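Every number here is computed from the coordinates shown, using simple stated rules; none is lab data. Note that the structure is a prediction, hence the values are computed from the model and not measured. When we count neighbours, we look across all protein chains shown, and the Cβ atoms used for this are built from the backbone with ideal geometry, even at glycine.
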Amino acid sequence: MSALGNSVRGIVAVAACAVLIAAPFGLKPYGIYLLSMWAVMTIAAIGLNLTLGYAGQISLAQASFVGIGAYTAAILTTHGWPFAAAFFLAAALCLAVGWLLGYPALRVQHHYLAFVTLAFTTLVFLVLRNEEWLTKGIYGISNIPRPAVFGWSTQAPRDFYFFCLGVLAVVSFAMWRLVRSPWGRAFMALRENPMRASSLGVDTRRYTLMAFAIGSSLGGLAGALYAPLVQFIEPTAFALGLSLNLLLMVIVGGSGFFFGPFLGALVSVLLPEWLRFTEGFYLIIYAAMVMVLMVYCPAGLLGLAERLLKPAAEDRSVLTQSDKDPGA
């Protein structure tokens, strides 16, 4: 990316961080809850962006991993386990299940893989709904406690928001390092041309499994935060609708862009709330806006921003070259 693009991105990132830190001090509890939900859904969308945007593997199973993480955290913490143990166990369980789910991706691609992951989402939903001895079925699990971190209670909405924001910051930094590492370059090579990547020595089998496993584990982390955020979970919250919503976040924000999940989650979580003044029409307006965006800018909002900044960067390059060569 050009120097101009990097400068704009840096300024926007600093301003966004300042807003995220200051915002809860001027919001009511419901507004803070929405910001917390944005942070949680962004973590899940970051995982899906790794699987889909960077590695090119279509998945409709991210909601099931959020559900597995949420139920793992809820069951363990309501039985007296410390949240830290439940949090990391949820991530480890989703990492293992995601690795296994990656095996079908070694044999099928594109819409066939989407059907496989869709079947997995349905399977997890049926287990959560029918295995009442473990999940309490349609009655759900209530009174999920919020954690205390080194003596700091996160029971208050603002405290729990900052806890979620801290986890998001750690996940974002780890993902930033990952996508700029040799692993990240291997994931992108796998997305662009698997055969060429294999001919260059990339173990496409291993990196496909890793893309599913790491993306799924981030879904589990999001679920482990979602459970204490809402403090009541039941199976329908983790049905196909959530998978499609997470997919929408990645695509609307910009699939394959690092900040795509952040912006996509902002649109998906907050925009419907901002449109509630239209009463019964807010979902129709929201759907129409998304459809228009996808028709005219399939690369997402960040793809649109990059397209708008590119001519400015080219003009700046031409002016700089003219200054260096007055006779041009």
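Any chance you could give the angle, 0 to 90 degrees and rounded to 10, that helix 62-78 forms with the longest Cα principal axis of the chain?
Once rounded, one gets 40 degrees.
Can you work out the Karplus-derived ³J(HN,Hα) for every residue in segment 154-168? Use 6.51 cos²θ - 1.76 cosθ + 1.60 with θ = phi - 60°, whole Hz, and x for glycine or proline.
For segment 154-168, the Karplus curve yields 10, 5, 5, x, 5, 5, 5, 4, 5, 5, 4, 5, x, 5, 4 Hz.
With only Lys, Arg, Asp and Glu charged, each at its Cβ (+1 for the first two, -1 for the last two), find how big the charge dipole of the chain is about the Cα centre; round to the nearest 20 debye.
Details: 19 positive and 13 negative charges, 88 e Å.
For the chain, the charge dipole is close to 420 debye.
So, in Å, what gap is there between the alpha-carbon centers of segment 48-66 and segment 224-257?
Cα centroid of segment 48-66 versus Cα centroid of segment 224-257: 11 Å apart.
Hey, what's the Cα Rg ratio for segment 1-131 versus the globular rule of thumb, 2.2 N^0.38 Å?
1.32
Suppose each label sits 7 Å from its Cα in the direction of the beta carbon; what would the Trp99-Leu178 distance come out to in nanometres?
If labels sit at Trp99 and Leu178, their model points lie 1.4 nm apart.
Obtain the nm distance between the two label points defined at Trp81 and Glu192 by a simple spin-label model: each point lies 7 Å from its Cα along the Cα-to-C-beta direction.
4.2
Using the Karplus curve 6.51 cos²θ - 1.76 cosθ + 1.60 with θ = phi - 60°, work out ³J(HN,Hα) for each residue of segment 285-302 in order, rounded to whole Hz, and write x for Gly and Pro.
My calculation for segment 285-302 gives 5, 4, 5, 5, 5, 5, 4, 4, 4, 5, 6, 8, 8, x, 7, x, 5, 6 Hz in order.
Could you tell me which of Val267, Ala73, Pro29 has its Cα farthest along the dipole of the chain towards the positive end, charges placed at Cβ (Lys, Arg +1; Asp, Glu -1), taken about the Cα centre?
Checking the options against the dipole of the chain, the answer is Ala73.
Report the percentage of all Cα-Cα pairs in the chain whose separation exceeds 36 Å, rounded to a whole percent.
22
Is any residue of segment 233-256 close enough, with backbone N under 18 Å, to a label point placed 7 angstrom from the Cα of Ser142 along the Cα-Cβ axis, and if so, which?
Taking a point 7 Å out along Cα→Cβ of Ser142, the residues of segment 233-256 whose backbone N falls under 18 Å are 233-237.
Among Tyr33, Tyr296, Tyr54, which one shows the biggest mean-square fluctuation in a GNM of the chain, springs joining Cα atoms closer than 10 Å?
Looking only at Tyr33, Tyr296, Tyr54, the largest GNM fluctuation is found for Tyr296.
Name the long-range amide H neighbours of Phe259: under 5 Å, sequence gap of 5 or more, or other chain; modelled H, no Pro or chain starts.
none
Tell me, what HN-Hα J-couplings in whole Hz come from the Karplus equation 6.51 cos²θ - 1.76 cosθ + 1.60 at θ = phi - 60° for each residue of segment 133-146, using x for Gly and Pro?
Working through the residues one at a time gives 4, 10, 9, 6, x, 5, 7, x, 10, 10, 6, 6, x, 8 Hz.
Using only Cα atoms, figure out Rg for segment 163-232 and give it as a multiple of 2.2 N^0.38 Å.
Details: Rg = 15.3 Å, N = 70, 2.2 N^0.38 = 11.1 Å.
Normalised Rg, Cα atoms only: 1.39.
Where does helix 111-130 land angle-wise versus the long Cα axis of the chain, in degrees 0 to 90, nearest 10?
20
Over the residues of segment 237-318, compute the C-alpha Rg and express it relative to 2.2 N^0.38 Å. All intermediate terms of the calculation are to be shown ahead of the outcome.
On the way: Rg = 14.9 Å, N = 82, 2.2 N^0.38 = 11.7 Å.
Rounded to two decimals, the normalised Rg is 1.27.
Tell me what the chain gives for mean residue ellipticity at 222 nm when only DSSP H runs of n ≥ 4 count, each as -39,500 (n - 2.57), the sum divided by the residue total, rounded to 500 deg cm²/dmol.
It comes out at -24500 deg cm²/dmol, rounded to the nearest 500.
Which one of Val97, Val269, Val14 has the biggest mean-square fluctuation once the chain is modelled by GNM with Cα springs under 10 Å?
Result for the chain, Cα springs under 10 Å: Val14 fluctuates most.
How high is the relative contact order of the chain, in percent, counting Cα pairs under 8 Å that sit 6 or more residues apart?
Relative contact order for the chain comes out at 31 percent.
For a quick check: with amide H placed at 1.01 Å from N, whose amide H comes under 5 Å from Val149's, ignoring anything fewer than 5 positions away on the same chain?
The answer is Thr154.
Between Gln155 and Thr278, what is the FRET efficiency for a Förster distance of 41 Å, r being their Cβ-Cβ separation, to the nearest 0.05?
That gives a FRET efficiency of 0.75.
Measure out, as a whole number of angstrom, how far apart the alpha-carbon centroids of segment 259-288 and segment 112-171 sit.
23
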